[in-house]
Amino acid sequence: MALPMRNVRFIFQICRRYGVSSANAVRVRFAPSPTGMMHLGGLRTALFNYLFAKSNNGSFLLRIEDTDLTRKVPGAVEKLEDILDWAGLTPDESPNKGGQYGPYIQSERLSLYHDNVNTLLESGHCYRCFCTEKRLSLMKKDAIARQENRKYDNRCRNMTEQEMEEKIAQKVPYVIRFKYEPMREPWTDLVYGLMVENVDSEESYREGDFVVIKSDGYPTYHFANVVDDHHMRISHVLRGACLQEWSISTPKHLQMYKAFGWEPPLYAHLPLILNQDGTKLSKRQGDIHVEHFKDQGLEPDALLNYLTTVNKGFKGPTDGKTLKELVAMFSLELVNRHSSRLQPEKLPPLNRLHLQRQFSGQQRQNIVDRTRDIIESYFKHRLTDKHILTDHYLESIINWAIAHRISRLEELTESMIEFIWVRPSKDKILTLAKKDTSCEKVINGVKSCLDAVETFTDEAIKNVLKNFCKSQNLKTVHLMKILRSALSESEEGPHVSEMMEILGRQETNKRLDMALEVLKTSKQSR
């Protein structure tokens, strides 16, 4: 339980008494496990660490916590760093980039953990435990049957030196445990404030003396976390999870810092991000993986922007803000304490905002080039004219699309607007001409009328076509069928006048001319 945080600055002052002083350099780390793809919760944690570091002229580190070899996924380390680079959250120090305090993968730091655990063995804060898995399993079952906490009974804590040497001589496998004592003093969190509850309740103390080095020689998460944070000079630990989980593990970390005689970092626990239905995010949910959004064509800034709409932490609205702007707006003091639900409906308009910003700024050519790649890759041989892929044409289409139609560039390939890229086949107009001999006359008449249109807009074109129907005593349906056949291969899509506006005067005239040429050639060959 946390005290009401009426004055967050006061909490920061309290924290400085227990942790790093304001004069020291800010160094934070994002420390994921390579157990699969990063989801939105992980990206939010990385983002807030990055923003805190950069807003304090500090350093942002990536550290891989891979001490659980059974869960390690091949290639996950490289993917994690690739995703951070894609999002613009490039670490200052990382496995790929290196740095003064590396290596940045825990499985490559085993000698450091062994050296440090020997220090605690010598000081009497740790001991070797020779209890077998069978004994521990029986203890657990017995505790469950008696409805008691399943904590270790600390049996090996009081083993004599002679007993221990005999076990080692017999090569009996062992783990190393930390002597955990109930911790009564409070600890302070930069988000939740001063924690005044008894954090060593039965629930948090249920493990008894906890393992720090496993029988395979690898450290547990808790031990490696403390050793690495100290040796990498981490000043602040910002991590996202349920406060109840961290209120159990943080006292363990603080006791280890005390045993080593090290100054602990300042802690800030970020509230959970929940699914729209209030459930926890899970790595098993494919639709919350960052790669899912990347593959869909989401703009990195838009996805980061989306994550700023939960849990607050900013001096004003963040819609449409760049990463650089978010750095200037970020304040850890403004992060709220409550878990927040994702609101997927916010993502499309945010992505559109960022597309518009990039297209109207220095990223204009980049947007044009990306669009060209998307269209070429999707339509391939169906693109019948290179004019379709010129910068001028693409710019006019993008300008219309991001203002009215799409939120992602990939949506430019949707069937409803396929006519933009794919000109109608000869067969389309010929098939209609066989049934309707007025096609050539109608198209020639429309062309003449369109030449008189000053502003080539949907409304102006609609009026011209309406007047043309009246003057020629044509039914609107009849006219639309002929024009659609001349402009598009598909029967679906926007109104013909809107299609003409989207295509522009030049492309509209070109397609009408092509239809006339097909009709003329067909007539001559009869």
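The values are calculated or read from the model by the stated rules, or taken from the named source; none is laboratory data. Keep in mind it's a predicted model, so treat the numbers as computed, not measured. Please note: Cβ atoms are built from the backbone with ideal geometry, for glycine as well, and neighbour counts cover all protein chains shown. SASA here: full protein model, heavy atoms, side chains in, ligands and nucleic acids out. Shrake-Rupley method; radii C 1.70, N 1.55, O 1.52, S 1.80 Å.
Given the criteria of a type outside the set (K, R), in contact with an Asp or Glu (Cβ under 9 Å, 6 or more places away or on another chain) and within 21 Å of F293 (Cβ to Cβ), does L355 qualify? Yes: the conditions hold for L355.
When residues in the range 25-38 are screened for being surrounded by fewer than 21 Cβ atoms within 10 Å (Cβ to Cβ), under 26 Å from F223 (Cβ atoms) and aliphatic (A, V, I, L, M), 2 of them pass.
When the criteria are applied in full, N473 meets the requirement of being open to solvent by 70 Å² or more (accessible area, probe 1.4 Å) and modelled with pLDDT under 95. Scanning the range 439-456 for residues that are free of Cβ contacts under 8 Å to residues at least 40 places away in the same chain and farther than 26 Å from W400 by Cβ, we see that the one that is least open to solvent (accessible area, probe 1.4 Å) is G445.
Residues that are under 25 Å from S247 (Cβ atoms) and buried (at least 17 other Cβ atoms within 10 Å of the Cβ) occur in the range 150-165; there is at least one. Just one residue in the set E459, E507, E498 is assigned to a helix (DSSP H, G or I), open to solvent by less than 30 Å² (accessible area, probe 1.4 Å) and within 20 Å of I397 (Cβ to Cβ); that residue is E507.
A count restricted to the range 245-262 and to residues that are of a type in the set (D, E, K, R) and modelled with pLDDT of 95 or more stands at 1. So, L394, is that one under 19 Å from the mean Cα position of the chain (by Cα) and under 21 Å from E299 (Cβ atoms) or not? No: the conditions fail for L394. With respect to the conditions (1) more than 15 Å from K428 (Cα to Cα); (2) buried (at least 16 other Cβ atoms within 10 Å of the Cβ); (3) in contact with a Cys (Cβ under 6 Å, 6 or more places away or on another chain), I482 falls short on a single one, namely (1). Looking only at residues of the range 261-279 that are among the hydrophobic types (A, V, I, L, M, F, W, C) and surrounded by fewer than 17 Cβ atoms within 10 Å (Cβ to Cβ), we find that the one that is farthest from L51 (Cα to Cα) is W262. Kindly indicate whether Y192 is of a type outside the set (K, R), open to solvent by less than 70 Å² (accessible area, probe 1.4 Å) and in contact with an Asp or Glu (Cβ under 6 Å, 6 or more places away or on another chain). Here the answer is no, as Y192 does not meet what is asked.
For the range 266-325, what are the residues that are part of a strand (DSSP E or B), within 15 Å of the chain's Cα centre (by Cα) and among the aliphatic types (A, V, I, L, M)?
The initial filter retains those residues of the range 266-325 that are part of a strand (DSSP E or B), namely 266-270, 273-274, 280, 289, 312-314.
Pick out the ones that are also within 15 Å of the chain's Cα centre (by Cα) and you get 273-274, 289.
Those that are part of a strand (DSSP E or B), within 15 Å of the chain's Cα centre (by Cα) and among the aliphatic types (A, V, I, L, M): I273, L274.
Residues that are out of contact with any helix residue (DSSP H, G or I) (no Cβ under 9 Å at 6 or more places or on another chain), at pLDDT 95 or above and surrounded by fewer than 17 Cβ atoms within 10 Å (Cβ to Cβ) do not occur anywhere in the range 223-232.
So that you can scan it fast, the table gives a plain yes or no per residue for (1) open to solvent by 30 Å² or more (accessible area, probe 1.4 Å); (2) under 17 Å from the mean Cα position of the chain (by Cα):
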position: L40; (1), (2): no, yes
position: L43; (1), (2): no, yes
position: F48; (1), (2): no, yes
position: L51; (1), (2): no, yes
position: N57; (1), (2): yes, no
position: E65; (1), (2): no, no
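If you go through the range 93-118 and keep only what is of a type in the set (A, V, I, L, M, F, W, C) and buried (at least 16 other Cβ atoms within 10 Å of the Cβ), you end up with I105, L112, V117.
Among the numbered conditions (1) under 30 Å from the mean Cα position of the chain (by Cα); (2) not charged (D, E, K, R); (3) not in a loop (DSSP other than H, G, I, E, B), the only one that A433 does not meet is (1).
Name the single residue that is least open to solvent (accessible area, probe 1.4 Å) among those in the range 341-375 being acidic (D, E) and at pLDDT 95 or above. Once the filter is applied, the top-ranked residue is D369.
Of the set (1) assigned to a helix (DSSP H, G or I); (2) over 25 Å from L487 (Cβ atoms); (3) not β-branched (V, I, T), all apply to S331 but (1). Could you tell me whether the range 281-299 includes any residue that is within 26 Å of A224 (Cα to Cα) and either surrounded by 17 or more Cβ atoms within 10 Å (Cβ to Cβ) or of a type in the set (G, A, S) (or both)? Checking the range 281-299: at least one residue is within 26 Å of A224 (Cα to Cα) and either surrounded by 17 or more Cβ atoms within 10 Å (Cβ to Cβ) or of a type in the set (G, A, S) (or both).
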